[in-house]
Structures are given as C-alpha cells and as structure tokens.
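> Take this structure, written in structure tokens, and hold onto it; I'll ask about it next.
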Amino acid sequence: MNISIQPDRLLADIQKDFQALFPFLKVEFYKDTHLSGEGTTGKERLDPHVAVGELSAHTLSFSWHVSPESTVSELESSFQEKTGIGLQVFRKSGNNWLQTTTTDYKTLAEQNARGEEMSHKTNLTEEPEDYHEQE
C-alpha cells in the first residue's frame, strides 16, 4: 500500500489516506522528529491544513510505502528520514487516542487489531500499555 507524498499535499490528506488503511490508527505530524519509544508533546503538533512542501526542504515527491507488516517504529522513521517532519502513530482505545510509544515494536496490523479490540470494549478495566494524550 502506498500513499502519495507531494509538495502540495496537505498533511490532513495524508492522515485521511493512512486512516483509510488503518481505521483504528492515526498519524499526527510534529515540528521535531523523535526516536523510537519516545513520545511527542501536543504543543509541537503541526497544523494538518499545511502543505508538506511548506514544512520540508527535502525532495517531496515520492510514494510512501505503508505495509501492515511494518512496525510503528519503521513507519515513523521512514517518513521522518524522507521529509524531516516528525510523525507519531496513535492507536484508538475506547474514546481516546494513545501514542504508541512503548509498543513501537509492534506492526501496524497488530496495533490496528488492538485498537479495534479496545474500541469495542464498553468497560475498559485494563490500563492501556502506552503513554497517551487525550485529544
């Protein structure tokens, strides 16, 4: 599965394309990149209505390969390396979105399945395994 990255594409369009592939995951974009296992604060979040080309000096016409078998860490790193824009994956848990910091080693398919499972539970008695920010 590929997502087209072009200088004139809005971050919001990339978010929609990603969530169409993984309905229980979402991506947010940040001013700074981060290492695997690190979270990102909300104050660094970028406006999704900005075009990719306005944020990066990198060559920005490429097809971003997004595979269900890729880990969160691999996905975040590949986007950050190609664009210089920070990316964080979030997983749905009930009515909340959790940053996938301690589970960056899991695949997108595993994260999406966990998000689906947690979204269908009505009484969440178990603590989420990731650090999270409520949106």
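Values quoted throughout were computed directly from the atomic coordinates according to the rules given, and no laboratory measurement underlies them. The structure displayed is predicted, hence computed values, not measured ones. Cβ placement follows ideal geometry from the backbone for every residue including glycine, while neighbour counts extend to all protein chains displayed.
> Sorted by average packing, counted as other Cβ atoms within 10 angstrom per residue and highest first, what order do 62-75, 45-58, 80-93 take? Walk me through the intermediate numbers first.
On the way: 62-75: 16.2, 45-58: 14.4, 80-93: 20.6.
The packing order, highest mean first, is 80-93, 62-75, 45-58.
> Continuing with this model, one more query. Determine the gain in length on full extension of the stretch residue 120-residue 12; use 0.36 nm per residue of separation and subtract their C-alpha separation, reporting nm with one decimal.
Working: separation 108, 0.36 × 108 = 38.88 nm, distance 2.60 nm.
Taking residue 120 through residue 12 to full extension adds about 36.3 nm, to one decimal.
> Can I ask one more? Extending each Cα 7 Å along its Cβ direction at residue 4 and residue 45, get the distance between those two points in nm, one decimal.
2.8 nm
> Using a Förster distance of 25 Å, how high is the FRET efficiency between residue 32 and residue 74, based on the Cβ-Cβ distance and rounded to 0.05? Don't jump to the answer; show the numbers that get you there.
Details: r = 19 Å, r/R0 = 0.76.
That pair, residue 32 with residue 74, gives E of 0.85.
> Right, another one. Can you list the lysines whose alpha carbon is less than 20 Å from that of residue 82, not counting same-chain residues fewer than 8 positions off?
Candidates past the 8-residue exclusion: 16, 26, 31.
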